[in-house]
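Colleague: Below is the structure I would like to discuss, written out as structure tokens.
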């Protein structure tokens, strides 16, 4: 059978009231000190501040920082070569300023080089034929 002990109940109730009162006093003290605080403004020398009136107009901001600029996919334009060729040498690295007459790459096309060589040989051959025809004409008139 349980025995009722009203003295323990009263003691426990007094302890709860005491802790509640202590908590109310602590919260009130903290609130009082917070309201008494001054704003935490950092003092700044007036000579270091630029003041002016607000004006309408464009506003340019320059930002410097490390990183890599990556173009959007739709802004990339592919420039096809006029012939099928292989890149032999890259003359200009990405990010370098260029002008319209700057050579960016050296390309090599063996078939095109062969056609150029054939055309040069034909030109030399035609020149020799013309010289020899001119020499034979001089001999017959002379």
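Colleague: For the chain, modelled as a GNM with alpha-carbon contacts under 10 angstrom, which of 22, 98, 63 fluctuates the most?
Modeller: With Cα springs under 10 Å in the chain, the top fluctuation among 22, 98, 63 is at 22.
Colleague: Length gain on complete extension for the stretch residue 120 to residue 26, per 0.36 nm per residue less the alpha carbon to alpha carbon distance?
Modeller: Numbers: separation 94, 0.36 × 94 = 33.84 nm, distance 10.19 nm.
Computed gain between residue 120 and residue 26 is 23.7 nm.
Colleague: So what's the convex hull volume per residue for the Cα atoms of the chain, in Å³? The partial results should precede the final answer.
Modeller: Details: hull volume 70.5 nm³, N = 142.
Measuring per residue, one finds 497 Å³ for the Cα hull of the chain.
Colleague: Over the chain, what is the mean sequence separation of C-alpha contacts under 8 Å (at least six apart), divided by residue count, expressed as relative contact order in percent? Numbers along the way, then the final one.
Modeller: Numbers: 29 pairs, mean separation 18.1, N = 142.
In percent, rounded to a whole number, it is 13.
Colleague: If I fit a long axis through the Cα atoms of helix 6-36 and take the longest principal axis of the Cα atoms of the chain, what angle between them do I get, 0 to 90°, rounded to 10?
Modeller: Helix 6-36 and the main axis of the chain meet at about 50 degrees.
Colleague: Now, a different point. Taking 41 Å as R0, compute the FRET efficiency from the Cβ-Cβ separation of residue 58 and residue 78 and round it to 0.05. Each step should come with its number before you reach the end.
Modeller: Working: r = 34 Å, r/R0 = 0.83.
That gives a FRET efficiency of 0.75.
Values in this text are rule-based calculations from the coordinates and carry no lab data. None of the values given here were measured: they were computed from a predicted structure. Cβ atoms come from the backbone with ideal geometry, glycine included; neighbour counts cover every protein chain shown.
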